[in-house]
1. Assuming R0 = 35 Å, can you tell me the calculated FRET efficiency for the pair ARG53 and GLU88, based on Cβ-Cβ distance, to the nearest 0.05?
2. What net charge is computed for the residues neighbouring SER62, neighbours being all others with C-beta under 13 Å from the C-beta of SER62, Lys and Arg scored +1, Asp and Glu -1?
3. How big is segment 60-117 by the Kirkwood estimate over distinct Cα pairs, in Å?
4. Might you tell me the accessible area per residue for the chain, computed with a 1.4 Å probe and given in Å²?
5. Please report, as a whole percent, how much of the solvent-accessible surface of the chain comes from carbon and sulfur atoms (probe radius 1.4 Å).
6. Rule-of-thumb check for segment 14-66: C-alpha Rg over 2.2 N^0.38 Å?
7. Using unit Cβ charges (K, R positive; D, E negative) and no other charged atoms, how large, in debye to the nearest 20, is the dipole of segment 53-97 about its Cα centre?
8. Might you report the magnitude of the Cβ-based charge dipole of the chain about its Cα centre, with Lys and Arg at +1 and Asp and Glu at -1, to the nearest 20 debye?
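The values are calculated or read from the model by the stated rules, or taken from the named source; none is laboratory data. Quantities reported herein were computed from a predicted structural model and do not represent experimental measurements. Here the Cβ is made from the backbone with ideal geometry for all residues, glycine too, and neighbour counts use every protein chain on show. Side chains included, ligands, DNA and RNA excluded: accessible areas come from the protein's heavy atoms. Shrake-Rupley method; radii C 1.70, N 1.55, O 1.52, S 1.80 Å.
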Amino acid sequence: QVQLVESGGGLVQVGGSLRLACAASGSIFRINTMGWYRQAPGNQRELVAVITRVGSTNYSDSVKGRFTISRDNAKNTVALQMNDLQPEDTAVYYCYLREGIWNRDYWGQGTQVTVSS
């Protein structure tokens, strides 16, 4: 079983920055995509950013220009640098991994990000 562990969440003022990190471990034969989703209370879980094993990225329109995703394939880690945080960024952020042999999805337990005005 694959395990994903997130870190780096917390409380920050409007305009501040946080860096989230996620480490994957377990029986992983091939990683297709890693990334981040978020979910605020009462809302659907939504894409924040994803990155493929060859480095192509996709961002939500709401975070373009403020967030940057990166990965280290050798260490099976992914990070999300979040700058100029706004109250609407408040959510639980979940690390995501898609395994590329059977196309199975794995999720971390989530880390809380709270942006206060």
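1. On the way: r = 30 Å, r/R0 = 0.87.
Rounded to the nearest 0.05, the efficiency is 0.70.
2. Values: positive: ARG38, LYS64, ARG66; negative: GLU46, ASP61, ASP84, GLU88, ASP89.
Residues close to SER62 contribute a combined charge of -2.
3. On the way: mean 1/r = 0.0755 Å⁻¹.
For segment 60-117, the Kirkwood estimate is 13.2 Å.
4. Details: 6390 Å² over 117 residues.
Per residue, the chain has an accessible area of 55 Å².
5. Details: 2890 of 6390 Å².
Within the chain, the accessible surface is 45 percent carbon and sulfur.
6. Values: Rg = 13.4 Å, N = 53, 2.2 N^0.38 = 9.9 Å.
Against the compact-globule rule of thumb, the ratio is 1.34.
7. Working: 5 positive and 5 negative charges, 59 e Å.
Charge dipole, segment 53-97, about its Cα centre: 280 debye, nearest 20.
8. On the way: 11 positive and 9 negative charges, 71 e Å.
So the dipole magnitude of the chain works out to roughly 340 debye.
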